[in-house]
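These notes are about the structure you will find just below.
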Amino acid sequence: MRIPLRSCCIFRSFISQKQTLDTQQRGLSGAAMRLVQFRRTGDGDDIRVGVEQGEGLNVVDLKAFDSSMPSTVRELLQLGDKGLDCAQRALASGQFVVERANIQLLSPILAPEKVVCVGMNYRDHCLEQNAPIPEEPIIFSKFPSAITGPYGDIILPPESQEVDWEVELAFVIGRRGKHIKEEDALSHVAGFAVANDVSARDWQFKRNGKQWLLSKTFDSFCPLGPALVTIDAVKDPHNLGIRCLVNGDTMQSSNTSQMIFKTAALIAWVSKFVTLTPGDVFLTGTPPGVGVFRNPPVFLKRGDVVECQIDQIGSIINKVV
């Protein structure tokens, strides 16, 4: 059967559009990986980049595979596709594997240039506090020194008596850009992680002119990890179950589909104001169930264990000290 010429042209146009869309949505290297930073037992402060063989499994030591590779994920991202292609080859080799029991897992990003946070970005979180849906993204920040590892301690500061939890989907920028178009934005994403936007509510709502920065940026107030899961390993970042448990009790349970401003929109918005660089971390907002809006309010105390979970990405578990 012969297909009419016009139909062939339409079909080729459809394929071309689909290929363009696929290119926009691919990660930097098109590889599905879980990148981690770790220290080997007995290596002191020596930081290594690794690729997990699977969630919670052993880790391929990237620098052992190729000594020219850097020692941090941020530096790896600065290499662009070259670095991620090397990580993919290392994973495929099955060599230079470090047993999970012999490593300390660190935050997948250390000392980023920026930690960009988004407030009031879940519809169901707005509803729980009778707040209007924002018309523009509400942007604030944490200092990079707030970042701690996926299993590091959350330190209660003596300056606050109302420390709260906020599970959040984080994403990391992999490619430099300014004035990024929304349709091109996902090509600037390296991957996703789980974050806890720990917050001192007394400083957020009662002190310091109700500005958010100080309340959000105490040391250890940004647990992050357990891995940087590349964008190609996440089927749909805006349809993931997201949960926070405190001492085993579920406090937050929602879905990232509730996000008001999604990944591409946030990149396009923020890049109007600042240049985004590899390693920049975005925290995309939290669902309902935070302690401050419970009746009565509930805040963290020493000895509590907070677990933040996101489907396809993993969980971070932090003890409060």
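The values are calculated or read from the model by the stated rules, or taken from the named source; none is laboratory data. Given the structure is predicted, the values throughout are model-derived calculations rather than measurements. Here Cβ is always computed from backbone atoms with ideal geometry, including for glycine, and neighbour counts include all displayed protein chains. Each accessible area value is taken on the protein alone, full model and side chains, heavy atoms only, with ligands, DNA and RNA left out. Shrake-Rupley method; radii C 1.70, N 1.55, O 1.52, S 1.80 Å.
Tabulated values for the structure
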read-out: Diffusion coefficient, µm² s⁻¹, Stokes-Einstein with Kirkwood Rh over alpha-carbon pairs of the range 34-106 at 37 °C and 0.692 mPa s; value: 275
read-out: Heavy atoms of residue 205 accessible to a 1.4 Å probe, total area in Å² rounded to 10; value: 80
read-out: Sorted largest first, extent of the range 115-320 alpha carbons per principal axis (Å); value: 44, 34, 31
read-out: Per-pair calculated FRET efficiency, R0 = 30 Å: residue 178 and residue 43 via Cβ, rounded to 0.05; value: 0.20
read-out: Accessible heavy-atom area order of 304, 311, highest first, probe of 1.4 Å; value: 311, 304
read-out: Residue 53/residue 253 FRET efficiency (R0 41 Å; Cβ-Cβ; nearest 0.05); value: 0.90
read-out: Exposure ranking of 206, 319 by accessible area [1.4 Å probe, largest first]; value: 206, 319
read-out: Alpha carbon Rg of the range 279-321, scaled by the compact-globule rule 2.2 N^0.38 Å; value: 1.41
read-out: Value of [θ]222 nm, deg cm²/dmol, for the chain, DSSP H segments ≥ 4, -39500 (n - 2.57) each, nearest 500; value: -5500 deg cm²/dmol
read-out: Carbon plus sulfur fraction of accessible area for the range 115-320, probe 1.4 Å, in percent; value: 51
read-out: Span per principal axis, largest first, for the Cα atoms of the range 76-198 (Å); value: 53, 41, 25
read-out: Gain upon complete extension [residue 213, residue 321; 0.36 nm per residue less C-alpha separation]; value: 36.7 nm
read-out: Residue 189 long-range amide H proximity, modeled H, under 5 Å; value: 174
read-out: Accessible-area value, residue 159, 1.4 Å probe, nucleic acids and ligands omitted, Å²; value: 100
read-out: Highest-fluctuation residue, 71, 199, 107 considered, GNM on the chain with Cα pairs under 10 Å; value: 71
read-out: Extended-chain gain in nm, criterion 0.36 nm per residue less alpha-carbon gap, residue 151 and residue 265; value: 38.0 nm
read-out: Gain upon complete extension [residue 104, residue 92; 0.36 nm per residue less C-alpha separation]; value: 2.0 nm
